[in-house]
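Report on the following structure.
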Amino acid sequence: MRETFSEISPSDFFYRNRDLAGFTNPSRALYSTVRELVENSLDACELERILPEVYVRITSYDSMETVDPKKYIIRVQDNGPGVEPEKVPEAFGKVLYGSKYKLRQSRGMFGLGGTMAILYGQITSNKPVTIETSVDGIKRYCYKLMIDIEKNKPIIVEKRIEDGRGLHGTVVELVIEGDYLRSSTKIQEYFKHTALVVPYANITFVDPNGRIFYYLRTTTEMPPPPKETLPHPHGIDVEFMRRTIRQSNEETLAKFLSKRFHRVGLKTAIKFLQYTGIDPNRSPKSLTEEEIVNMVTAMHRYEEFLPPDAGCLSPLGENILAAGIVKELAPEFFTIVARPPSAYSGYPFIIELALAYGGKMIENGIKLYRFANRIPLLYDEASDVSWKVINEEIDWKRYKIPQEAPIAVIVNISSTRIPYKTVGKEYIADRPEIEREIKNALREALRKLSAYLSRRSSEEHEKKKINMYLKYLPLIANFSKELAKKSRPPNYKRLLSSGEYEGEQKRIEEFTNS
């Protein structure tokens, strides 16, 4: 019998392989749905410099059902710029369609997460997703959609237009089979971690039991919006070069390289082409397949291209990260290290690392908070490059820090291309460039913490010494009075407030006040 061949659509592929996108089971699917929809809302607000207001509600679809897994209604509402009404059906009803396919920093990479949540909701509940959106606050467009999985096309079940009531933004509401009992801890942990790196957002979460959790804004400062950039010569492959040449209209290779690639000027382009032995005045479309392969290989080897510019990135910044740490962790001490921009495979990235110590909210032991473009990473921690650095690459004893000290390590990587190991976006590959930057940032932070602990130990020692003086000097003074047969003891308080004790007492007061 001859083997038959067939083709499936992208939505059909992810329908059959939903584990790849993090929709492994009802518990993980509920968490992934909340996360993907909230990330889309935050991205939309940040691109337009709108302080985010995000409302999330999970309610039971059938109040008579009491045992998980069961159907839940998830509603996520934001005050973002909204979605153009003509783009709504495909934006929410077509897998691998969206605004993420640009070379700029964003939480999403594949344009998959939100649509995958809708797809999973459809296959577990057979209910359409409801989308409400307004771009101007005048008209509100309401859709009910389903996905034609075999054709990867949206099916419009219902469409209507309502009064916008002066409100802009987007609402997504869907029914999904979930297990809140098992996912509740991760969902609440997700919101706490998000509040740490997005302290400029107001987030409200209503759980299935009706409890309301508020994560309130503590700063109005926002990171700069990311700018779209061109690909760097070190990060391209033959297929990309072939496509770029096909889409180009430049007359010469020198102009082609200077217009189509990041940080390649006309002089650099000519110098590179001379290095490869190709005439700078040739037309890009005249290159043979072999010449394209040779040129791409030469691009990877050529060391005189300028490194990628980090202007296309949107790191948190020290002020924003500090506001989040103070609000969510309230530590006794913290320090923030932002490494200079670096690159891997032609993609720029920036490592921001914070180390927080002590306080009532940080438990004993090392707690790792991992973020990628401000996305909290909560699963598969031991597979992540940050975990490897903290637990295998750093000798904590060298910095004289107790093994069970209450420490939180916050690592955020900002990049145009996060090197996730899976489509589920839960852990980052141990690229040597990224590993090196995390290691250097952690070492710098540990040196600062070590200095703080040493200074605090010295101050505590001084305090104990002064307390001892204060305890025994009155007794010695009275004994001296009796030996000298005086009516009054010597003024020991004046002794403590002068001379060699004055500096010690001042340091004690400063330490106590801090």
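The values are calculated or read from the model by the stated rules, or taken from the named source; none is laboratory data. What you see is a predicted model, and the numbers here were worked out from it, not measured in a lab. Quick reminder, even Gly has a Cβ in these numbers, built from the backbone with ideal geometry, and neighbours come from all protein chains shown.
Here are the numbers for this structure:
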| quantity | calculated |
| --- | --- |
| Helices (runs of 4 or more DSSP H) lying entirely in region 14-125 (those with 2 or more residues that are surrounded by fewer than 18 Cβ atoms within 10 Å (Cβ to Cβ) and outside the structural domain of Lys144 (by TED's automatic domain parsing)) | none |
| Selection count, region 279-288, where residues are free of Cβ contacts under 8 Å to residues at least 12 places away in the same chain and assigned to a helix (DSSP H, G or I) | 1 |
| Check on Lys271, out of contact with any Ser or Thr (no Cβ under 9 Å at 6 or more places or on another chain) and surrounded by fewer than 19 Cβ atoms within 10 Å (Cβ to Cβ) | yes |
| Any pair with Cβ under 9 angstrom, 6 or more apart, that starts in region 400-422 at a residue that is in the same structural domain as Ser345 (by TED's automatic domain parsing) and farther than 30 Å from Leu103 by Cβ and ends at one that is of a type outside the set (S, T, N, Q) and at pLDDT below 90 | Gln403/Lys397; Ile407/Ile401 |
| Matching residues, region 126-163, being part of a loop (DSSP other than H, G, I, E, B) and either outside the structural domain of Val56 (by TED's automatic domain parsing) or surrounded by fewer than 19 Cβ atoms within 10 Å (Cβ to Cβ) (or both) | Asn126, Lys127, Val135, Asp136, Gly137, Ile138, Glu150, Lys151 |
| Condition check for Arg104: closer than 30 Å to Pro226 by Cα, touching a Cys at 6+ places or on another chain (Cβ under 6 Å) and charged (D, E, K, R) | yes |
| Verdict on Ser345 being surrounded by fewer than 19 Cβ atoms within 10 Å (Cβ to Cβ), in contact with a Gly (Cβ under 6 Å, 6 or more places away or on another chain) and modelled with pLDDT under 95 | yes |
| Filtered residues of region 318-338 (kept if crowded, with 18+ Cβ neighbours inside 10 Å and either touching a helix residue (DSSP H, G or I) at 6+ places or on another chain (Cβ under 6 Å) or aromatic (Phe, Trp, Tyr) (or both)) | Gly324, Glu328, Phe334, Thr335, Ile336, Val337 |
| Region 261-292, residues that are hydrophobic (A, V, I, L, M, F, W, C) and farther than 24 Å from Thr229 by Cα | Ile278, Leu287 |
| Any strands (runs of 3 or more DSSP E) falling wholly within region 329-377 and containing at least 1 residues that are among the β-branched types (Val, Ile, Thr), in contact (Cβ under 8 Å) with a residue 12 or more places away in the chain and touching a Leu at 6+ places or on another chain (Cβ under 8 Å) | 333-338, 347-357 |
| Where a residue in region 45-74 is on the phi > 0 side of the Ramachandran plot and its partner, wherever it lies, is crowded, with 18+ Cβ neighbours inside 10 Å and not β-branched (Val, Ile, Thr), with Cβ under 7 Å and at least six apart | Arg49/Met222 |
| Of the criteria (1) at negative phi; (2) over 31 Å from the mean Cα position of the chain (by Cα), which one Gly277 fails | (1) |
| Region 50-109, residues that are under 13 Å from Gly178 (Cβ atoms) and β-branched (Val, Ile, Thr) | Ile58, Thr59, Val67, Ile73, Ile74 |
| Considering residues of region 379-408 that are part of a helix (DSSP H, G or I) and among the small types (Gly, Ala, Ser) only, the residue nearest to the chain's Cα centre (by Cα) | Ser386 |
| Residues that are touching a Ser or Thr at 6+ places or on another chain (Cβ under 7 Å) and either of a type in the set (D, E, K, R) or modelled with pLDDT of 90 or more (or both), drawn from region 367-407 | Leu368, Arg370, Asn373, Pro376, Tyr399, Lys400 |
| Residues (part of a loop (DSSP other than H, G, I, E, B) and surrounded by 11 or more Cβ atoms within 10 Å (Cβ to Cβ)) located in region 210-220 | Leu216, Arg217, Thr218, Thr219 |
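Matching residues to (1) closer than 19 Å to Gly80 by Cβ; (2) of a type in the set (Gly, Ala, Ser):
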{"site": "Leu119", "(1), (2)": "no, no"}
{"site": "Ser125", "(1), (2)": "no, yes"}
{"site": "Glu150", "(1), (2)": "no, no"}
{"site": "Thr170", "(1), (2)": "yes, no"}
{"site": "Ile187", "(1), (2)": "no, no"}
{"site": "Tyr190", "(1), (2)": "no, no"}
{"site": "Thr218", "(1), (2)": "no, no"}
